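To start, the structure under review is shown below, and the notes come after it.
The values are calculated or read from the model by the stated rules, or taken from the named source; none is laboratory data. Values in this document were obtained by computation on a predicted structure and should not be read as measured data. So basically every Cβ, Gly included, is an ideal-geometry build from the backbone, and we count neighbours across all protein chains shown. Accessible surface areas use protein heavy atoms only, side chains included; no ligands, DNA or RNA. Shrake-Rupley method; radii C 1.70, N 1.55, O 1.52, S 1.80 Å.
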Amino acid sequence: MRFLWLCFFCIVCGQIHAQDQNDWLQAQLNASADLRHVDYEEMYVKALQKDMGIDPLIKCLVIIDYCRAYGMDSLAIKMADFVLEKANNQQLEKGIAAYLLDLKYRLALLQNRYDEIEQMACYLDRRWQEDYKLMERASHWHRLAKEGKEIRPVSILRSKNTVSLAFEKDSAGHICFDANVNQVKNRRFILDTGMMSSTILFRKYARQIAVRLLPDSIKAISATYPDVVYSMQLGVVDSLRIDGIKLCNLPVWVSDETNEYDCVGFIGTPDLFRLGYMELSCDSIVFRYPLPEQKAEANFTMNAGKRGERCICLPCTLDGHDSSFVLDTGSNSFLLPRQYAEHKKGFFAEVGGVRMWLEAGMYAHGFIPFSDSRGFWGQPLLWSFERLCINFRDAHVDYIKKKDVKFTEYLNK
């Protein structure tokens, strides 16, 4: 972290100039937007080298992507603020401005920082009055900030330092556990680390527990039916209690998708990220605080998409080539893009020192959240280890192996 702060102060000392031609950096930016886990460190170091001739604006964007990938939101926001403040309208084309503002907006929503959203709306009013699309965005942000100004920041209360939950499976094999929303009786939720947005509640249940709805919505694609598009509306719940952990003033999304699950909602990675540390095994979830000491060096990235979403993207090798995948506890199989697998019978994969055979028989719906990932790895990964210890604060994972496992073979069926 000290090194990152030093880099920040070194970079911001110069004037930002935009350059149209910078093929190498543009390729790196494209790669970072696609979350290429194996390239992040090299890309970051090269971006900071003085003799590369890289434009300072592009340097800032590279560092923002790097900070997002490793969960350092505060530094990413400082860099975004610097670019937005120092670059003039000719240097900072509106596409980059919109990208940085949308990033700040999504991160502000995660923490109920509606005063910051109001400030961003005022910034658009001052600098981009000639662009009607940005003015529409400013108007929407003013309206949202007004509706949310009385909502307090997210906070976490703990009556236990260690919370251990023995989970059960629903009829479709999802990992389920009980949680309490707005002090109404416990209901079943699915733990879905492949869910990159915040907690999602189905609308019928949201009405029952009086979720406060706000004027913001997004479109989403059904995981079960890829041709079905539905809407999700932003809301805030007073509390979400998971045994001895209580998250207060929590932003959620209220979904209009038809509920075909044995649950009232999903808890995704962004809200797990708030808790700092989690252990997953084939039959339990454990949250610990303070964070335990890490045992080995194995990092992962957490950035996916342009809206500030979170995922757990673990590095691996597939047939000897460096790659990565999304840990998806909402899936009971290994899913990979068809273009990578339709001509292969399977892959040898190695994760956390354990080697596995993956049959290439399961395909995603023709899309993947970023191009360098080889897909989503579901619950079978949990069966291959005693447990996974995930430190969100430091983007670090410890793989605790089973004592009697040297080689694990898993076939998708």
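Could you sort ASP271, ASP81 by their accessible area in this structure, using a 1.4 Å probe and putting the largest first?
ASP81, ASP271
Tell me the accessible surface of LYS160 in square angstrom (1.4 angstrom probe, heavy atoms of protein chains only), to the nearest ten.
Roll a 1.4 Å probe over it and LYS160 shows about 90 Å².
Cβ under 11 Å from ARG203's Cβ, ARG203 left aside: what net charge do those residues give with Lys, Arg +1 and Asp, Glu -1?
That works out to 0.
Enter the mean projected area of the convex hull around the alpha-carbon atoms of segment 177-274, in nm², rounded to one decimal.
Averaged projected hull area, Cα only: 5.8 nm².
Excluding PRO292 itself, what net charge comes from residues whose Cβ is under 14 Å from its Cβ, given Lys and Arg +1 and Asp and Glu -1?
Summing Lys/Arg as +1 and Asp/Glu as -1 gives 0.
Under a crude label model (7 Å from the Cα following the beta-carbon direction), how far is LYS401 from ASN186 in nanometres?
About 3.7 nm, to one decimal.
As I understand it, the dipole of segment 187-344 uses +1 on the Cβ of Lys and Arg and -1 on the Cβ of Asp and Glu, about the Cα centre. Which of TRP253, LEU335, ALA296 lies farthest toward its positive end?
Most positive-ward Cα: TRP253.
Give me the accessible area of THR258, 1.4 Å probe, in Å² rounded to the nearest 10.
Looks like 100 Å² after rounding.
Any idea how far the Cα center of segment 173-197 sits from the one of segment 126-163, in Å?
For segment 173-197 versus segment 126-163, the Cα centre distance is 25 Å.
CYS248 to LYS149: FRET efficiency via 1/(1 + (r/R0)^6), r the Cβ-Cβ distance, R0 25 Å, to the nearest 0.05?
0.90
For the residue pair ARG207 and LEU157, what label-to-label distance in nm results when each label sits 7 Å from Cα along the Cα-to-beta-carbon direction?
A separation of 3.0 nm, rounded to one decimal place.
Report the full-extension gain for the segment ASN299 to LYS344: residue separation times 0.36 nm, less the Cα-Cα distance, to one decimal in nm.
13.3 nm
Leaving out ligands, DNA and RNA but keeping every protein chain, what accessible area does SER159 have, in Å² rounded to the nearest 10, with a 1.4 Å probe?
90 Å²
Using label points projected 7 Å from each Cα along Cα→Cβ, tell me how many nm separate LYS78 and THR258, to one decimal.
Spacing of the two 7 Å Cα→Cβ label points: 5.0 nm.
Kindly state, to the nearest 0.05, the FRET efficiency for GLU386 paired with ASP322, given R0 = 22 Å and r defined as their beta-carbon distance.
The formula returns an efficiency of 0.30 here.
Can you compute the charge dipole magnitude of segment 117-275 about its Cα centre, using +1 on each Lys and Arg Cβ and -1 on each Asp and Glu Cβ, nothing else charged? Give it in debye, rounded to the nearest 20.
580 debye
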